[in-house]
Amino acid sequence: MAADATFVFAAINGIAAILALAMAVRLATLQGVLRPVFRAAGLAFAISGAGAAVFAILGPQHFASGAVQSIAYLAWLWTLHRLFASDERDKNVRPIRPVVFALVFVEAMQMALLGAALQSFGLDHARQALGGFAVLFRLLFCVGALVLVHNLYAGAVQQVRTSLRWPAAALATIWLYDLNLYTLAYVNGSAPQILLGLRGGALVLAALFFAIGLHGDQRDLRLRPSRSFAFQSFSLVLIGIYLAMMLLLARGAALFGGEFAAWLQGALVLVAALVAIVALPSKRIRGWLRVTISKHLFQHRFDYRAEWMRFTDTIGRAGPQAAPLHERAVQAVADITDSPGGLLLTPHEEGGLALDARWQWPDIEVPPLAMNGDGTRFFEQSQFILDLDDLRGDRVEGIPQSAHPAWLKGNERAWALVPLLHYERLVAIVVLARPAVGRRLDWEDFDLLRIVGRQLASYLAEQSSQDALGEAQRFDEFNRRIAFVMHDIKNLASQLSLLAGNAEKHADNPEFRKDMLLTLRNSTDKLQSLLSRLGRYGAQGIRETSEVALDELVERIIAQYAGRHPVIGIDRPACKVVADAEALEQALLHLVQNAVEASEPNSPVFVDLRKDSTTASIEIIDSGAGMSPEFIRTRLFRPFHSSKAGGFGIGAFEAREMIRSMGGRLDLESREGVGTRFQLRLPLVEVASLFRSLHGRPALPGDSNDKVA
C-alpha cells in the first residue's frame, strides 16, 4: 500500500514538473506589453517544476525540496508584484510594497530555519522545534500572499478583471493548498503524507489556469488604488476566520485517528479550497462585503475624494473611443451606488420624458413617452430621489402615480430614480438598475446623489446650450444662402418673363414663336414653383388646407413603389383629415423612402392606416438596422445633419414640422437591430373644426396639457 502510494505521488509530481516546464517555455516565447509578467511567471513555473522533480526523486523531507520550494515562493511573489506593477504603473501599488518586503523576510527566515535544522547535529528535539517554526513561517507567508492576491483581483477595474481572473486563480491555488497543508501540519505536528504527495496537483491546476488565461483576452492591466489599504486588507480577517475553521475541522478529524483521519483531512482541504476559489471572485459576495464593511467600520460609507475623482474622470473622458456624454452621465451616477446599468430620461418635445441613453441595460423595454408631464413636474418641484423598493414596500407616501409609471415599477431590476436639476429646472432623470447586493438608500446616498445630480445637470445643460447655439448659427447660415438663392432665381424668372414678352412681339416665324414660347413658359413655371417651395421654409408654413382622403393617399404612395421595393398596406379604412395635400404627401413619401433605404432589398415596409373616434394614424414600419437613442436625439430631427452624401439633412425635420403645422404629431420608436416605427397622427375632419375653434388651429386631441412652451 505504501509503495503504491509513493509511486502515485511520484507520478503526480513528475507530471506537474513536465507541465510546469512546458508552461515556462511557452511563457518565455510570448511578446507584448505584458512580457515582464510572462517572464516572471515563466521563471516561477521553471523553479516550481524543478521543485516537483526534486520532490519526486528525493522525497519531501530532503533539504533540497524545501530549498527549491522557498525559491519558488519568492519567484511566485515576484510574479504577483509584476502583475500589480504591469505597464510601469508602480505608483499605483506603493501600499503593497511593505507587505512584499515582509513576505521576502519571512521566506528568508524560513530558509535560515531549514539550514539550522540541517545543522542540528542529530538532536531530534531541536529539529522538531525548528520544524515547528518553519511551518509557522510558511503559514504566515501563505496568509500574506493570499491577501495580495485578493487585493490584485478586487482592486482591478471591472473591465480588466477577466484578464486577471486566471493568473489570480493560479496563484491562489498554490498558496491556498499550502495554507491548508501547513495548517494541518501545525495542528498535528507533522504534515499529512497524502497532502504532501498530492501537492503537485496544485501546480498542475495552476499551469492549467495560466494556459486558459493565455487563450483569453490579454488586455493591458490597468489597476486603480482601492478606497484604502485597510479596506482591501479586511480580507486578512476573513482568511484568519477561514484558518480557524480549518484548525477546528482538523482537530475534529484527528479524533477519528488512523488512516481514515488522513483521508478525511484531505477531503476537507479539497472542499475548502473549492469553496474559497468559487466564493472569492463572486460579485455578490464582494458587494455584500463592501456594504458590510462600509456600514460597520467606517464613519461614512463613501470616500468622497475617491468618488469625486472617479466622477470627474468619467465625465471628462474624451477621445474617439469615449462613450457619448449622456451615457457617461448615467455611468457616473451608477458607479456611486454600484449599479450595473441605468437609463437617462430627458424632456420630450411634446411634453414629459423620453428615453435618451442607455448604459449597460439593453433589455428593458421603454415606451416612447417614458413619463408624462405630471410626473416630470413632481420631480422638478420636489427634487425627490425615489427608491422604488420603498415604493413597492409601501414605505413612502405622497408619490403620484405619474412619477412611477407601470413599465418602471413593474420591472424588478429598476431600483432608483435620481432627478438632475439645473437652476430648479429638470434637465433629466437617471434610472438606476438594482446592484448585485440590494440595500436601502439612506441620507448619505441622497446627499451625494443630489450633489452629483446638480453637477451633471450643469454639464448636460451646457451641452444643450452649445448644441442650440450651433444649430442657430447653422440656421442663420442656411437662411443667408437661401436668401441669395431666392434673389438670384427671382431675377432670372423676371428676365425670362421679359424675354417671353419680347418674343411675342417679334413672332414672325411661326415655328420659332411656338418653340420659344413653349420653352420660356415652361422654364418660368418651374422657377416660380421652386420659389413657392422655398418660401414654405419661412414663417408662413403650410399654405392651404383641405379635406384629404388618407386611404387614397396611402394607396397612391404604395403604388409608386410597385416593382421597386415591397411596400405593403396592412389596413386602409376610409377616413379624411384636414391637411395640405401636397405637403402631407411629401412628408409621407419621405418617411416611406427612409424606411425603404433602411431595409434590405427584399425586406418589406409596412404602411398601416388606422382611425379611432378622433384621430387617424399612419404607421410606417421597417425591420432595418434601427437607430440608437443618441442618434435620434442628436441627429435625426436636427437640420443639416445628413447621413447621405450631398444631403441637406432637413428631410426628417421638414416632415415633422409640416405635420405639426397641420395640427398633427409624429412619433418614433426604434431599436437597434430590430427596426423602426414612425407613427403620424392627424385629427379627423369631423373634429378638426372643433379644435380649430378651441385653439385657433387644428390640434391633436389630448396634447394640450403636455405641450412644452
Q) Within the stretch 528-564, restricting attention to residues that are at pLDDT below 65 and surrounded by 14 or more Cβ atoms within 10 Å (Cβ to Cβ), which residue is nearest to residue 575 (Cα to Cα)? A) 542
Q.
Of the residues 395, 454, 434, only one is basic (Lys, Arg) and touching a residue at least 40 places away in the same chain (Cβ under 8 Å); which?
A. 434
Q: Would you tally the residues in the stretch 385-401 being outside any helix (DSSP H, G or I), over 26 Å from the mean Cα position of the chain (by Cα) and at pLDDT 90 or above?
A: 2
Q) In the stretch 302-355, which residues are surrounded by 15 or more Cβ atoms within 10 Å (Cβ to Cβ), part of a loop (DSSP other than H, G, I, E, B) and charged (D, E, K, R)? A) 303, 338, 350
Q) Restricting to the stretch 402-435, what's the tally of residues that are more than 18 Å from residue 367 (Cα to Cα) and in a loop (DSSP other than H, G, I, E, B)? A) 4
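The values are calculated or read from the model by the stated rules, or taken from the named source; none is laboratory data. Worth saying up front: this structure is predicted, and the values here are computed from it rather than measured. No Cβ is skipped: glycine too gets one built from the backbone with ideal geometry, and neighbour counts run over all protein chains shown.
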